[in-house]
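Since the structure comes first, as structure tokens, the remarks are kept for the end.
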Amino acid sequence: MAKDLTKRHAWTRDKTIVILGLYCRIPFAKVNKNNPEIIRIAKLIEHSPSSVGMKIGNLGSCDEQLKAKGIKGLANCSKLDKDIWDEFSDNWKKLAQEAHKIETLTLSALPLPKNISPENVGKDIMRLTRQRINQFFFRKSVLSSYNETCCISKINEPKLLNASHIKPWSACNPQEKVSPHNGLCLNVLHDRAFDRGLIAVDEKYRIRVSKELKNNSNNKVKAWIVDFAGKKITMPDKFLPSEKFLNWHIENIFRG
């Protein structure tokens, strides 16, 4: 697999899987040859950053949500690109695991810097458990979908943002836990309120606020939460929140 990934110039299945994982992890608006993550992956698979950026654009042309927003991606989508998109676009858990496995196998096949021992590299590669890989993929995919901006408050400070599960992790099946369609980018205050059922988002993407908060007389509660009632969230570029998950949250978590 690592040998397949490092074939120069040819776009293989393994490389395309890695790029699809990258497509999920970075905002589409930040796809350019100077993006540090694009540079890192380009070096790993022995392609130029410009070539990696174009490949992301090709995969973007398969994304119906981008098309609906008037973002067409690039026109050179290959049969391989389409096949990989179709295989993984409803199986995010498989994509997270496969992309990570390919990247780490390739890293293990590269020459080691003189100051790093094989033992330490092995520990670094094995450090992430499957659960952490899935959580990392989910977080990066959700935050990138909303351009690292809270969909309610428009706060864009990364340290104040969470990738919030709509249907909680504990209630999800394995596929639902990883699906970016089960996520919202929220600041830490609204994340807590959403998790506790004090706010919700309905199937029309409008913010709903619980009666107990509406009855709260504190001006800060009104300004920071209640005044958002009825307003529409900022929509993501990718991975529209699933109506199924939004309705589950209202029926099972929201305090009405």
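The values are calculated or read from the model by the stated rules, or taken from the named source; none is laboratory data. This one's a predicted model, so the numbers in the text were calculated from it and none came from an experiment. FYI the Cβ positions are ideal-geometry reconstructions off the backbone, even for glycines, and counts take in every protein chain you see. Note: accessible area is taken over every heavy atom of the protein model, side chains too, but ligands, DNA and RNA are not part of it. Shrake-Rupley method; radii C 1.70, N 1.55, O 1.52, S 1.80 Å.
A few remarks follow.
- Backbone HN-Hα couplings from phi across the range 157-167 [Karplus 6.51/-1.76/1.60, Hz, Gly and Pro as x]: 8, x, 5, 10, 10, 10, 8, 8, 5, 6, 8
- Overall form of the range 207-249 per C-alpha gyration tensor (a/c, 1.5; a/b vs b/c): oblate
- Only the Cβ atoms of Lys and Arg (+1) and of Asp and Glu (-1) were treated as charged; on that basis the dipole of the range 26-73 about its Cα centre amounts to roughly 120 debye.
- Charge dipole of the chain about the Cα centre (unit charges at C-beta), most positive-ward option of I225, G197, F136: I225
- Averaged over its residues, the chain has an accessible area of 52 Å² per residue, based on protein heavy atoms and a 1.4 Å probe.
- The accessible-area ordering, largest first, of the residues V178, V221 stands as V221, V178, per a 1.4 angstrom probe.
- Between the alpha-carbon centres of the range 187-256 and the range 55-105 there is a gap of 30 Å.
- Entry for Cα Rg over 2.2 N^0.38 Å (calculated from the structure that is shown) out of (1) 0.97; (2) 1.05; (3) 1.11: (3)
- Here the sum of -39500 (n - 2.57) over DSSP H runs of 4 or more residues, divided by the residues of the chain, equals -14500 deg cm²/dmol at 222 nm, to the nearest 500.
- Electrostatic dipole magnitude of the chain [Cβ: Lys, Arg +1; Asp, Glu -1; Cα centre; debye, to 20]: 460 debye
- Net charge contributed by nearby residues that have their C-beta within less than 14 Å of Y146 (K/R +1, D/E -1): +4
- Apportionment of accessible area to carbon and sulfur, the chain, percent (1.4 Å): 52 percent
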